[in-house]
Amino acid sequence: MALTHRENYLRNARREGPEWMPCTVALSGATWNQLGQELEEVCARHPILFPGFEKGKRDFARIEEEIVYTPGVSFTDNWGCVWESPIEGLEGIVSGHPLADWSAMETWRPPDPMAQADRAPVDWAANLENVRKTKEAGGLTHGGLPHGYLFMRLYYLRGFENLMEDVATGEPRLQRLIDILVEQNLVIVQQWLSAGVDIMEFAEDLGTQKASCIGARHFARWLTPAYSKLMQPAHESSALVALHSDGYIMDIMDELLVAGVDIINPQDLCNGIDDLAREVKGRACIRLDIDRQTVVPFGTRAEIRGLIEEEVRKLGSSEGGLEMIAGIYPPTPAENVDALCDAMEEFRTYWWDGRGDA
């Protein structure tokens with residue numbers, strides 16, 4: 001009897017022998033804005049990757065509703081950070097930092113996590129009811145912290161250069177701020193865990209193109225203990241811990257796994273396929289973030305297929321432990337999105353249909 005999506009996902013994450021490799025294609029608002037109906041045609045051709053998709057249902061006049069995706073309009077979030085976006089459909093950057101001067105800590109207050117999310121009010125009753133309904137229907141359930149919940153939140157509040165000076169000089173007020181963020185985030189974690197979610201998602205970006213933002217020594221001092229405090233309750237509740245980070249993170253990979261990560265979401269070419277195979281395969285499930293800088297946006301159909309095949313061969317196994325997620329952004333053409341979908345569909349069963357043993 002075939003596994004359900006939830007059963008297969010959890011078996012894959014725990015390396016207990018799934019029947020296929022989970023694959024996700026995430027289409028950015030900017031890409032919908034760029035490709036429009038061409039992208040609808042691609043989605044319609046790939047029901048495995050876009051189940052339930054129907055052409056004509058998307059309102060192309062409203063790509064993103066959040067103001068954070070709107071060029072030329074700044075707004076202040078619930079932490080007091082000022083955001084601006086230069087590109088329609090892509091999240092902006094923080095241009096105003098409420099704790100740029102440490103003296104502001106005397107009057108600054110974080111939002112109440114039971115009432116306010118990062119950018120809007122939060123309705124926990126509705127969130128937990130959605131989890132209950134998903135569980136009742138046999139679906140996979142997720143809870144999570146907002147993207148940029150700790151390290152990124154620190155530089156949203158302080159400013160990046162200020163934060164780097166804090167880290168390097170051992171600024172004592174930095175630990176106080178970290179403790180405040182951990183306390184805030186623990187409330188959110190406990191809310192999701194109270195509903196019995198399968199997976200807790202921890203997402204922020206810790207790397208640049210060629211190195212982590214903070215080296216392993218400083219990461220171990222400032223961030224590993226905080227990550228551990230946030231992830232421990234998930235393990236105590238038998239939920240899997242998934243962590244996303246853009247950028248190069250191989251130099252802090254051991255710290256992340258020590259902190260309690262079960263599913264790691266690194267970028268592929270940035271971190272190196274062979275390095276991921278050597279350092280991570282078998283230690284955690286790899287939710288591989290497929291290239292969005294070179295091969296997928298600019299490569300040929302054959303090059304895209306070759307990338308997916310290489311990654312499946314090197315990082316996958318019949319035990320599981322590999323899933324793929326591809327974020328699509330401009331200037332990726334519709335033809336390349338289609339080629340990526342074809343390749344994912346071709347290789348999603350590679351380790352279980354006899355080809356992986358050949």
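Any read-out appearing in this document is the output of simple, stated calculations on the displayed coordinates, not a laboratory observation. Model, not experiment: these values are computed from the prediction. We place every Cβ from the backbone using ideal geometry, glycine too, and count neighbours over all the protein chains shown.
Counting each DSSP H run of 4 or more residues in the chain as -39500 (n - 2.57), what helix-only mean residue ellipticity at 222 nm follows after dividing by all residues, to the nearest 500 deg cm²/dmol?
-12500 deg cm²/dmol
With springs only between Cα atoms under 10 Å, which of 97, 142, 46 fluctuates most in a Gaussian network model of the chain?
Highest fluctuation of the listed residues: 46.
Between residue 24 and residue 54, how many nm apart are label points set 7 Å from Cα along the C-beta direction?
Placing both labels 7 Å beyond Cα along the Cβ direction yields 2.4 nm.
With a sphere of radius 12 Å drawn around the Cβ of residue 234, what net charge do the other residues whose Cβ falls strictly inside it have (Lys, Arg +1; Asp, Glu -1)?
Residues near residue 234 contribute -3 overall.
If each residue of separation counts as 0.36 nm, what is the full-extension length gain between residue 310 and residue 160 once their alpha-carbon separation is subtracted?
Length gained, residue 310 through residue 160: 50.4 nm.
In the stretch 5-347, what is the count of Lys pairs whose alpha carbons are under 27 Å apart, counting only pairs at least 8 residues apart or on separate chains?
Lysine pair count for the stretch 5-347: 8.
What size of dipole, in debye to the nearest 20, comes out for the chain about its Cα centre when the only charges are +1 on Lys and Arg C-beta atoms and -1 on Asp and Glu C-beta atoms?
In debye, rounded to 20, the chain gives about 600.
Using the membrane-span-like helix rule (whole DSSP H runs, Cα extent along the own axis of at least 30 Å, mean Kyte-Doolittle hydropathy at least 0.0), which helices of the chain qualify?
Within the chain the helices that satisfy the rule are 172-194.
Considering all projection directions equally, how large on average is the shadow of the alpha-carbon convex hull of the chain, in square nanometres?
Value for the chain: 18.2 nm².
Between the stretch 1-42 and the stretch 256-299, what is the separation of their alpha carbon centroids in Å?
A separation of 17 Å, based on Cα centres.
Report the antiparallel proportion of the DSSP beta bridges in the chain as a percent, rounded to a multiple of 5.
The antiparallel proportion sits near 20 percent.
With a sphere of radius 12 Å drawn around the Cβ of residue 284, what net charge do the other residues whose Cβ falls strictly inside it have (Lys, Arg +1; Asp, Glu -1)?
Surrounding charge for residue 284 is +1.
For the chain, modelled as a Gaussian network with Cα springs under 10 Å, which listed residue fluctuates most, 138, 282, 196?
For the chain, modelled as a Gaussian network with Cα springs under 10 Å, the answer is 138.
Tell me the label-point distance for the pair residue 335, residue 171, using the 7 Å Cα-to-Cβ offset, in nm and rounded to one decimal.
Placing both labels 7 Å beyond Cα along the Cβ direction yields 5.0 nm.
For the chain, with a Gaussian network of springs between Cα atoms less than 10 Å apart, report the residue from 49, 230, 340 with the top mean-square fluctuation.
Per the Cα network of the chain with a 10 Å cutoff, 49 tops the list.
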